[in-house]
Amino acid sequence: MSATIIDGKAFAATVREKVAAHVARLKSDHDITPGLAVVLVGEDPASQVYVRSKGKQTIEVGMNSYEHKLPADTSEAVLLDLIERLNADPEVHGILVQLPLPKHLDEDLVINSIAPAKDVDGFHISNVGLLGTGQKSMVPCTPLGCLMMLREHHGDLSGLEAVVIGRSNIVGKPMAQLLLGDSCTVTIAHSRTRDLPGVVRRADIVVAAVGRPEMVQGDWIKPGATVIDVGINRIDAPEKGTNEDGSVKTRLVGDCDFDSCAAVAGAITPVPGGVGPMTIACLLANTVTACCRDAGLPEPE
Ligand code: NDP
């Protein structure tokens with residue numbers, strides 16, 4: 001293995017320290033405590049884990065955490081009413097509705113009902129438009145975390161060839177916008193892309209956000225390229241044995257085949273311990289930013 005491992009877990013810890021220091025100053029100098037409201041509808045096990053983790057980290061950096069857990073059959077009217085109340089609540093600076101929502105709820109409608117200034121996930125259509133036109137916005141947390149790691153590793157990104165695999169609204173598209181904003185030459189690849197390995201081989205920066213375990217192979221990677229693996233995929237790991245109920249144990253892998261990619265890349269993020277921890281750290285950072293904007297105070301850098 002030749003690649004430098006980009007340690008997202010350690011980087012996220014430094015981001016959280018900065019957030020905590022800013023929160024402490026907001027409290028001591030202005031008597032303001034940033035607050036993050038997280039809304040969970042239903043009992044999706046992965047979403048429950050994410051929400052718990054977000055709540056815990058919110059409190060650890062000194063902010064207020066408000067968790068709203070609603071049953072899976074919650075009506076759209078009830079959910080929209082809750083969001084309206086959170087929009088109006090001066091103690092709440094950030095609102096996050098955990099996705100995916102149960103099928104009977106219109107995700108776009110719900111996300112677009114969040115006040116854009118409190119939309120710390122950056123998914124509201126206003127924030128999408130602001131980001132796309134290079135204006136001050138709330139930036140989606142996962143791509144923001146990826147960009148921070150890339151800037152930390154490379155410094156200036158201008159002129160680099162970047163290939164983003166995946167065109168989702170929550171990762172692929174905003175990632176491409178951010179890289180464009182940093183003057184990369186950006187290609188967005190997706191399931192209809194022809195000769196994906198050939199496209200990826202051009203890239204100085206590869207961001208994989210696909211949701212297919214270990215799809216990107218080492219021989220797709222240009223020697224020395226930086227690989228950011230957004231994927232979180234759970235696969236069977238029979239080598240770890242079985243659980244008490246007899247089911248096979250599992251492990252997490254990314255969208256990139258780590259060993260073969262790390263043998264060729266200049267730098268790579270691991271899964272777990274890469275993009276994942278940065279996502280929550282950026283959520284906390286976005287909440288502080290939203291709070292500062294609300295209070296008319298300087299934003300954290
Ligand atoms: P989506 O399913 O919304 O999007 C996947 C994208 O991958 C689509 O654009 C799809 O193309 C493309 N794709 C699918 N198959 C192929 C293929 N064979 N070749 C090329 N492109 C393909 O996923 P998300 O963007 O929401 O998430 C992507 C991954 O990132 C998932 O593993 C998810 O768990 C993870 N994730 C991790 C986060 C973190 O904090 N680390 C946060 C969010 C997501 P098309 O549009 O043509 O269908």
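We did not get these values from a lab; they are worked out from the coordinates using the rules stated. Keep in mind the model is a prediction, meaning the values are calculated, not measured. We place every Cβ from the backbone using ideal geometry, glycine too, and count neighbours over all the protein chains shown.
Observations on the model:
- When its C-alpha radius of gyration is set against 2.2 N^0.38 Å (N residues), the chain gives a value of 1.02.
- Note on the chain: with charges restricted to the Cβ of Lys and Arg (+1) and Asp and Glu (-1), its dipole about the Cα centre is near 460 debye.
- Pair Asn169, Thr242: separation of 7 Å Cα→Cβ label points (nm): 4.4 nm
- Surface/4 estimate of mean projected area, convex hull on alpha-carbon atoms of the stretch 1-148, nm²: 10.8 nm²
- Largest-first principal axis extents of the Cα set of the stretch 31-117 (Å): 40, 28, 17
- Once the Cα gyration tensor of the stretch 141-276 is diagonalised, semi-axes √(5λ) in Å: 27, 15, 14
- Karplus (6.51, -1.76, 1.60) ³J(HN,Hα), θ = phi - 60°, over the stretch 93-99, in Hz, Gly and Pro reported as x: 9, x, 10, 10, 9, 5, 9
- Legend: distances between Cα atoms for Lys27/Lys118; Lys56/Lys136; Lys54/Lys240; Lys56/Lys240; Lys173/Lys249; pairs beyond 24 Å are Lys56/Lys136; Lys54/Lys240; Lys56/Lys240; Lys173/Lys249.
- Against the empirical 2.2 N^0.38 Å (N residues), the stretch 101-150 has a Cα radius of gyration ratio of 1.24.
- A Cβ-based charge dipole, computed about the Cα centre of the stretch 100-251 with Lys and Arg at +1 and Asp and Glu at -1, lands at about 260 debye.
- CD proxy at 222 nm, helix term only [per DSSP H run n ≥ 4: -39500 (n - 2.57); per residue of the chain; nearest 500]: -12500 deg cm²/dmol
- DSSP-defined beta bridges in the chain - what % are antiparallel, rounded to 5: 15 percent
- At R0 = 30 Å, FRET efficiency that the Cβ-Cβ distance of Ser28 and Val49 yields, to 0.05: 0.35
- In the chain, taking the dipole from charged Cβ atoms about the Cα centre, the farthest positive-side position among Pro116, Ser75, Pro223 is held by Pro223.
- Listed residues Ala37, Val97, Ser137: farthest to the positive end of the dipole of the chain (Cβ charges): Ser137
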